Amino acid sequence: MSRRLPADVDPCAEEARQGKSLPLTTARQRMLEAVSPVAGVATLALAEALDRVLLEDVYSGVDVPSHTNSAMDGFAVAASDLPAEGERAFALAGTAWAGRPYNGETGAGQCVRIMTGAAIPAGLDTVIMQEHVRMDGDDAVIAAGHRPGQHVRQAGEDVRAGDLAVAAGTRISAAHVGLLASLGVPTVQVRRRPRVAFFSTGDELRPIGEPLGLGQIYDSNRYTLGAMIARLNLEPLDMGVVRDDPAALETALSEAAAQADAVITSGGVSVGAADFVTDTLARLGSVGFWKVAMKPGKPIAFGRIGNALFFGLPGNPVSVMATFYQLVQPALERLRGIAQPPPPVLLRAHCTDRLRKRPGRVEFQRGVLEHGGDGRYTVRGVGHQGAGVLRSMAEANCFIVLAADQGEVAAGSEVLVQPFSGLI
Ligand code: AMP
Ligand code: MG
C-alpha cells in the first residue's frame, strides 16, 4: 500500500516522495496553514474568561478614565493663578475625594485640596503635590516653577469611547481581564474550547496503578499529552491505550475523529513491524507522513481524519514533548483562534558544557538555564539526552536549540535556548 498522498492533500507529498526531511520551520508553517480556528461561541462572565480566546473585537463604550482626575494627593489650582516667581498663598475652598467630588465654585486665587483619583473641580487644571505646598493657617502657599496641567489625568487618556480595546483573536490574559473590567464589560464572547482526543499506541503499555510484566512499561505519554493539552486550556478527551492492531487502531481513530476537533496519538509512526498507524491512516484519512529534520522526533504524521486534525507523534516520551511544543502547540493555538501566536522566545546563553551534536537536524537538547554573575545567562545540558529519557525534560528548564547545520558544541560557546517558562 502506498503511504503517499497527492500534494493537494499532503503539502509535503513532494518531499516525502523524494525521501527528504522537512526543515522544522517549513513543517511548522505548513501545519499552521492547514489549520483554521474552530467555529462555535461561548458567552462568558468576564471573571471566567481568563485564557480563553476573544471572538470579536471589543470596542470601548466609555472613556477611561471617565473623568479628568488627579494623579497625586495635593492641591488643585488654575494654572493661570500660579506665581511667575516667588510664592502665592491660595485660599482653601474645599476638598475633593476620590468618588466624592467638590462641586462648589472656586474664585481667583483659591485652591481645592484633592486626593488621587478625585475629579478635578470645574475651572481648575493643575495639581501641586502635597509635599510641595506649605500650609500657612488655612492658606496653601505655592512657589513658582510648576508646570501648567501637571499631575492631571485627562478623561479618555487610557482608552477613548469608540477605541478598539482588545482585538479578536487575543488570548485573554489577566491584563485583558482588568482592561475589559475597566470598560465596564460584564461578559465576553469567546471561541469554544477545541476538544482534543488523544491516545497511546503500543502492546507494551500498561495503565498506571497496575503491576508491570516483563517487557512492559507504564503509559506515560498519555499523561504528558493530557497535561500539555490541559495547559493550553483545551478540552482533553482521554481515549486510553490502543493495541498495535490495525482493526483496533482504525476503530479508535474513527471514534476519536468523530468526537474531537483534533486527535493526537503517540507511537507507531515509524517503520517498525508494529507501526500500524501509518497504514491505517492512509486508509482512513488524508494524512501525510513527514520526516521533520528535528531531534528528538523525526517521524510525524499530520493531516485530517474526517473533520478532525490529526497529529501522529513518535512514541519516545521526549520526542512526544519536543514535537508537541515545536509543531503541535502552534497549530492548536491557531485552532483555538489565537490570531498571533507569540513568537518562540529564544535567548543567548553561554554554554558551560560540551554538547554532542551531528549536523543535519535541529536539536532540542534539555538544559538548565541560570543567571551568570556577570549579567549573562549560562546553560548546561542535563542528564542523558536520549529521546526516551523523560527525566531530562523534568529536570531541565529550557531547550538548548542547536541549528541543523551545527556540529558539536565546544564548552564556552554561545548557544540559543528556549526557556520552558511560558512554554511548557
Ligand atoms: P514507537 O514509536 O511506537 O516505536 O515507540 C518508541 C518508543 O517509545 C518505544 O520504546 C516505546 O516503548 C516507547 N513508548 C511508546 N509509547 C509510549 C507511551 N505511551 N509511554 C511511554 N513510552 C512509550
Ligand atoms: Mg509502538
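The numbers here are math on the coordinates, done by the rules we state, and not lab data. Please read all numbers here as calculations on a predicted model, not as lab measurements. Don't worry about glycine lacking a Cβ; one is built from the backbone with ideal geometry, like all the others, and counts go over all protein chains shown.
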Problem - For segment 346-354, Karplus couplings with θ = phi - 60° (6.51, -1.76, 1.60), whole Hz, Gly/Pro x - result: 10, 10, 8, 9, 8, 8, 7, 10, 7
Fill in the blank from the handout: Karplus ³J(HN,Hα) for segment 306-321 (6.51 cos²θ - 1.76 cosθ + 1.60, θ = phi - 60°; Hz, whole; x = Gly/Pro) runs x, 8, 9, 6, 10, 10, x, 9, x, x, 4, x, 6, 4, 4, 5
Practice task
Compute the whole-percent fraction of alpha carbon pairs in segment 69-153 spaced more than 17 Å apart.
Solution key: 35
Completion exercise
Only helices counted: for the chain, with every DSSP H run of 4 or more residues adding -39500 (n - 2.57) and the sum spread over all residues, [θ] at 222 nm is -5000 deg cm²/dmol
Practice task
Quote the Stokes-Einstein diffusion coefficient, in whole µm² s⁻¹, for segment 155-279, based on the Kirkwood radius over alpha carbon pairs, a temperature of 25 °C and a viscosity of 0.890 mPa s.
Solution key: 138
Handout entry: segment 278-327: proportion of alpha-carbon pairs further apart than 12 angstrom, %
Key = 59
Exercise for the section: Within 10 Å, count the other beta carbons around each residue, average over each peptide in 108-121, 225-238, 258-271, and list them highest first. Expected result: 258-271, 108-121, 225-238
Handout entry: C-alpha center-to-center spacing [segment 42-120, segment 317-342] in angstrom
Key = 45
Handout entry: For segment 16-136, convex hull volume per residue from C-alpha positions, Å³
Key = 242
Practice task
Run through every distinct alpha carbon pair of segment 292-365 and return the Kirkwood hydrodynamic radius in angstroms, one decimal place.
Solution key: 14.3
Fill in the blank from the handout: HN-Hα couplings for segment 47-64 via Karplus (6.51, -1.76, 1.60; θ = phi - 60°), in whole Hz with x for Gly/Pro, come out as 5, 9, 8, 4, 6, 8, 10, 5, 7, 10, 4, 10, 9, 7, x, 9, 7, 10
Exercise for the section: Project the alpha carbons of the chain onto their principal axes and report the range along each, largest first, in whole Å. Expected result: 95, 51, 46
Fill in the blank from the handout: About its Cα centre, the chain carries a charge dipole, from +1 on Lys and Arg Cβ atoms and -1 on Asp and Glu Cβ atoms, whose size in debye to the nearest 20 is 1620
Practice task
Taking the Cβ of each residue in LYS298, LYS20 as the centre, tally the other Cβ atoms inside 10 Å and list the residues starting with the fewest.
Solution key: LYS20, LYS298
Exercise for the section: Work from the charge dipole of the chain (Cβ charges, +1 for Lys and Arg, -1 for Asp and Glu, about the Cα centre) and give the residue of ALA274, PHE289, THR187 farthest towards its positive end. Expected result: ALA274
Completion exercise
Fraction of alpha-carbon pairs in segment 347-419 farther than 20 Å apart, rounded to whole percent, equals 21
